[in-house]
Structures are given as structure tokens and as C-alpha cells.
Protein chains: 2
Amino acid sequence: MKNERKLIEQTIDSEYVFDGVLLKVYRDRARLPSGDSSVREWIRHPGASAILPLFENGDVMLIKQFRYPMSQIFYEVPAGKIDSGEDPLQTGVRELREEVGLSAKNWRYLGLFYPSIGYTNEVIHLYLATGLDHHSSNTDDDEFVIPERVPFAEAVNMVHRGDITDGKTMITILRAWQVSQEISSSAGS
Amino acid sequence: MKNERKLIEQTIDSEYVFDGVLLKVYRDRARLPSGDSSVREWIRHPGASAILPLFENGDVMLIKQFRYPMSQIFYEVPAGKIDSGEDPLQTGVRELREEVGLSAKNWRYLGLFYPSIGYTNEVIHLYLATGLDHHSSNTDDDEFVIPERVPFAEAVNMVHRGDITDGKTMITILRAWQVSQEISSSAGS
């Protein structure tokens, strides 16, 4: 731990340089471990939740969605930004219902991760949702998605074959698969 | 595929709204599938390469690095941005040498992924590097890292225990582990 102190950077000052609808960009000056200063540009993000809905027959629900920065359609898990005042589980419950019209009796937390530690403080909370019920979905006005049910093991294969290339979706599927294997092996022993 | 057409968005116009040292931010107007228009803010990124160096004794080399947006130290795989004119493999070779002072005889491509499809076109190429040789490292002036060797299976456990929470590092380790299991099972059959 003493050794780690030589990694730490301290904020000298911070400037709010771009106030977008989605992107809130800061440019800070930081004191480096060497004593020099350097520019650190970063995006403030409210965090997000991502959910893998798992049906009783062993299918999971993915969505296909067009993503503007790559101009490409991706397979994704349902996910969305945390609204002001929400906790991450509430976000998961809301997004699952809005994006694919599902509610879930059981919510298992799979941990969190940081998608781009170099330039944003975004954190994504991961959930496995089971005990699913159908409702009507209600996507945002500027969001268009196509839901698709896939056997869980096939979703894992899609990650390793390179058919799923969205980071949060890869991590949610691989984490959920690991946890479901642990559950079934402890149930079998 | 015909169904997917109803997902696609078209650029109406694009404005370069923030020209940072690292972050290049655009604000576009996009025509939505519904016919309405919406704002799309996104970051142009040159792409990156991430490398898992695997030693003959079964250890992998991780690094500890302070990340300013979270003000937190992370375990990471060596990685870095693609310089102008480089191909992703050259970036991997350069970053492995600069960050941890290693060269590798064998480079196995593990595929690519997109860390934050909502707001950046960044793509990260993943490599498993074996046949390692030590040199002296030569990190950038504003980069400070502590290397740490960990048994490969323990690195996988660190992902599932939540001790590794950097997205690119989680994906590189889990992809590399899957590929190394495939190699050893085909060698054993």
C-alpha cells in the first residue's frame, strides 16, 4: 500500500468545458506523482444498470439496437442510465420494463464494472433477473429496439465467437453464466 | 435484416464542439427511424490495443494504475491508444514494451470489443502474448504503473470476486482464459 502512494494524482483545478445533453466534460489539471502537472480530461456520468433477463426455459432476452457512434447494430442486454435519486436496482427494474416489457420477481446482483476508466467515471451495475412476467414495453421516444430470445449457452458462445462486441453485454453475460454455474454446481453437490 | 432497417439513424449534420488533448467531442443531429430528429453527442477515438502477457510458468502480468476520473487504483492489463499510422498489433507490441518492459514471440488475436457504445466509437483490440522476454520499460512521462505477476487462474477469480473492475481487463482475461482452455483441451484430445 505504501508503494501505491507513488501512483496517486491530486487535482489542482477543474474546469467544466462542455455541458452537453448527455456528455458533461471536464478539463482538470492534476499534480502527478513526479511533482509535474498534467491535463486530465474526463466525462462525468451518473452511472448505469444492465440486466440479463433469464427465462425458466433457459433463454435470455437480448435486444438489437442501432448505435450512432459506430453506425452499427449491436446485440445488447437491457440497460440504462441511473436517473437522479434512483438506486441502481430501481434503475434496473425500470429499464427492464421500459425496454423489453418485463418485470422480475428475483434480482441477483452480479457486481459492478467501469467501462472506460481512462476518461469517464461511469460505473455499470449488473443484475441477473429471473421469475419474469410480460407487460407492454414503453421505450423512450428516441430509442428503437428489437428484442430477441437466445438460449443462455448460445449467448455465451456469441461472446466468444465475436458476434457480441458490446463491452457491458459481454461482461453481463459472462458474469451471469459464471454465477449460474456456481448455483447449479452447489445445488448438485 | 429487413426488420433491422427500422433501427437505423441517419446523420443530418455534425458539429465539432470540443477539441481536447484527449477528448474530441461531436454533437450531431440524427434522423431517427420515426422521422423525428434527435441530438447525438459522441467522442471520436483512435482505438486501442490491450494485451495479456502470459509467462511459461502460468503467471500473467497485470499493472496497477491510478485512474483520475474515479480517483482510484485499478488492476489493468497493459494497453494503450493506437498512434496515427499504426495497426493494432504494432500498438500492442509497443505498449507491452513501454508499460512493462516485455517483448513477445507469439501474438494471438482474441477479437475486439467496444467499451461504451452509447457515446464513443472507441474499439479495443485484444491480444494474448506468449514467449516473453524482459527489457527495460519506458512509460510515458505522465504515466506511473506498478507491475504485478498473478497466476492466470487467480486473475480469473479476481474478475469474478470483483477485485478487477476495469472493463477491458475483465474482458481480456475472460477471453484469453476461454482461448487457453480451448487450446489445452484440443491438445489433450
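For chain B, take N as its residue count and report Rg(C-alpha) divided by 2.2 N^0.38 Å.
Details: Rg = 19.3 Å, N = 189, 2.2 N^0.38 = 16.1 Å.
Taking N as the residue count of chain B, the ratio is 1.20.
Which order do A:Ser137, A:Ser186 fall in if you start with the one that has the fewest other Cβ atoms within 10 Å? Display every interim value, and only then the final one.
On the way: A:Ser137 16, A:Ser186 8.
The most exposed by this proxy come first: A:Ser186, A:Ser137.
What's the exposure ranking of B:Phe113, A:Phe144, going from fewest to most Cβ atoms within 10 Å? Please report the intermediate quantities before stating the final value.
Numbers: B:Phe113 27, A:Phe144 18.
Taking fewest neighbouring Cβ atoms as first place, the list is A:Phe144, B:Phe113.
Given a 10 angstrom Cα cut-off, can you work out which residue in B:Glu41, B:Glu15, B:Glu154 is the most mobile in a GNM of chain B?
B:Glu15
Most fluctuating residue of A:Asn57, A:Asn121, A:Asn106 in a GNM of chain A with Cα springs under 10 Å: which is it?
A:Asn57
To make sure I understand, if each residue's beta carbon is the centre and we count other beta carbons within 10 Å, what order do A:Thr11, B:Thr120 fall in, fewest to most?
Working: A:Thr11 13, B:Thr120 24.
Placing the least packed residue first, the sequence is A:Thr11, B:Thr120.
Note down the Stokes-Einstein diffusion coefficient of the protein assembly as shown in µm²/s, whole number, using a Kirkwood radius over alpha carbon pairs, 25 °C, and 0.890 mPa s. Intermediate results must be reported in sequence, preceding the final value.
Details: Rh = 21.8 Å.
Here the translational diffusion coefficient equals 113 µm²/s.
Using helices alone, I'd like the mean residue ellipticity at 222 nm for chain B: each DSSP H run of four-plus residues gives -39500 (n - 2.57), total over residue count, nearest 500. The partial results should precede the final answer.
On the way: 3 runs with 45 residues, N = 189.
Per the formula, -8000 deg cm²/dmol.
Using the Karplus curve 6.51 cos²θ - 1.76 cosθ + 1.60 with θ = phi - 60°, what ³J(HN,Hα) values do you get for each residue of segment B:60-72, in whole Hz, with x for Gly and Pro?
10, 9, 9, 10, 9, 9, 7, 10, 4, x, 9, 6, 8
Could you pull out every residue, at least 5 positions away or on a different chain, whose amide H is within less than 5 Å of the one on B:Gly47? Hs are placed 1.01 Å off N in the peptide plane, and Pro or chain starts have none.
B:Ile82, B:Val123
What list of ³J(HN,Hα) couplings, whole Hz, do you get for segment B:98-112 from phi and the Karplus terms 6.51, -1.76, 1.60, once you set θ to phi - 60° and write x for glycine and proline?
Once rounded to whole Hz, the list reads 5, 7, 10, x, 10, 10, 9, 6, 10, 10, 9, 7, 10, x, 10.
When chain A is modelled as a GNM with alpha-carbon springs shorter than 10 Å, which of A:Tyr68, A:Tyr119, A:Tyr109 fluctuates the most?
With Cα springs under 10 Å in chain A, the top fluctuation among A:Tyr68, A:Tyr119, A:Tyr109 is at A:Tyr68.
Read-outs throughout are calculated quantities, based only on the coordinates presented, and are distinct from any laboratory measurement. For clarity, every value in this text was computed on a predicted model and none was experimentally measured. Cβ sites come from the backbone with ideal geometry, for glycine too, and all protein chains shown count toward neighbours.
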